[in-house]
Amino acid sequence: MAEEAARRDPKAFREYADSESERIALAFRKAHPTYMNTEKNSAAMLRHLCERFLNGVDHLKDEEVIFELFRSGDFTEVNLRAAFEALLRRGALDVGEGHVKQLSREELLTVIADLRTHGAAQAIATYLKFSLGTRTVDVRKVMVTNADLLKKACSTVWFHSKAGSVTADQFKEFAVRRLSAIQLPTIEQIEAAWFAHQLEAHEETDQPAQPKPATDEEINRLSDEDLESAMVAAREEFSAQRRRRRTGVAISTSQ
């Protein structure tokens with residue numbers, strides 16, 4: 001009723017919209033205490049909502065954007081939460097000290113630049129500073145308080161140190177099969193695990209397909225001559241395998 005009455009009077013509706021918008025914003029911040037109400041975060045949130053609901057208009061002041069969003073029914077706690085979560089995933093928001101955030105593209109490029117110019121240790125420290133939102137970082141403390149974050153930092157830096165030689169799909173498979181078992185990996189441990197992973201992959205590729213064992217029915221259908229030939233072939237293959245183990249040279253018994 002109050003909204004309907006306010007809509008009949010533009011000035012009253014503007015006051016109503018401002019009041020309700022502030023109430024919605026306060027309710028959102030209360031429900032999401034990790035959200036930092038900074039100028040950067042506010043601008044990013046409004047820009048995200050503007051792109052989604054107002055066709056990306058960029059000539060309006062912040063208060064006008066909020067008013068237009070409210071008037072269209074899009075300035076809601078649900079939409080604010082969705083914008084917050086989307087921007088967090090993109091690393092586009094400041095976070096409070098002690099909270100972890102995804103790195104933005106620019107921050108990741110800075111980490112890669114540090115890797116190229118200053119080495120892995122500096123790159124890992126830069127990653128942690130961006131992720132934790134701090135100016136300095138104690139890597140040993142992070143190792144104790146947030147081992148998963150340190151593991152992610154080391155893995156990311158190692159992966160980018162292999163640019164051009166390890167694909168994203170190869171890294172995902174490696175992470176599942178080998179890296180997940182290492183609790184506190186160093187760059188050297190990841191490198192050793194990758195070497196072992198490659199050896200294992202080569203062995204699986206080189207392993208010859210094993211013939212399907214013959215059933216009793218199939219054996220019973222063999223003639224004496226066929227059975228003798230099969231036994232001779234089996235002995236030759238066994239001898240060849242022994243020679244391969246001794247010499248490491250692939251030997252085929254097939255003609």
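The values are calculated or read from the model by the stated rules, or taken from the named source; none is laboratory data. None of these values were measured; they are calculated from a predicted model. Counting neighbours? That spans all protein chains shown, and the Cβs are built from the backbone with ideal geometry, glycine included. Surface accessibility is based on the protein's heavy atoms, side chains included, excluding ligands, DNA and RNA. Shrake-Rupley method; radii C 1.70, N 1.55, O 1.52, S 1.80 Å.
Observations on the structure shown:
- Of all residues making up the range 151-179, the number that are open to solvent by 70 Å² or more (accessible area, probe 1.4 Å) and either in contact with a strand residue (DSSP E or B) (Cβ under 6 Å, 6 or more places away or on another chain) or assigned to a helix (DSSP H, G or I) (or both): 7
- Taking (1) open to solvent by less than 30 Å² (accessible area, probe 1.4 Å); (2) within 30 Å of Lys11 (Cα to Cα) in turn, Gly96 satisfies each apart from (2).
- Out of Glu68, Glu20, Glu63, sole residue that is buried (at least 16 other Cβ atoms within 10 Å of the Cβ), of a type in the set (D, E, K, R) and farther than 24 Å from Ser104 by Cα: Glu68
- Residue list for the range 25-56, restricted to those being in contact with an Asp or Glu (Cβ under 8 Å, 6 or more places away or on another chain), in a loop (DSSP other than H, G, I, E, B) and open to solvent by 50 Å² or more (accessible area, probe 1.4 Å): Met36
- Filtering the range 92-150 to residues that are within 23 Å of Ser180 (Cβ to Cβ), in a loop (DSSP other than H, G, I, E, B) and among the β-branched types (Val, Ile, Thr) leaves only Val100.
- Being over 30 Å from Arg23 (Cβ atoms), open to solvent by less than 60 Å² (accessible area, probe 1.4 Å) and under 15 Å from the mean Cα position of the chain (by Cα) is a condition met by at least one residue of the range 109-127.
- Residue match in the range 69-77 (condition: β-branched (Val, Ile, Thr) and modelled with pLDDT of 95 or more): yes
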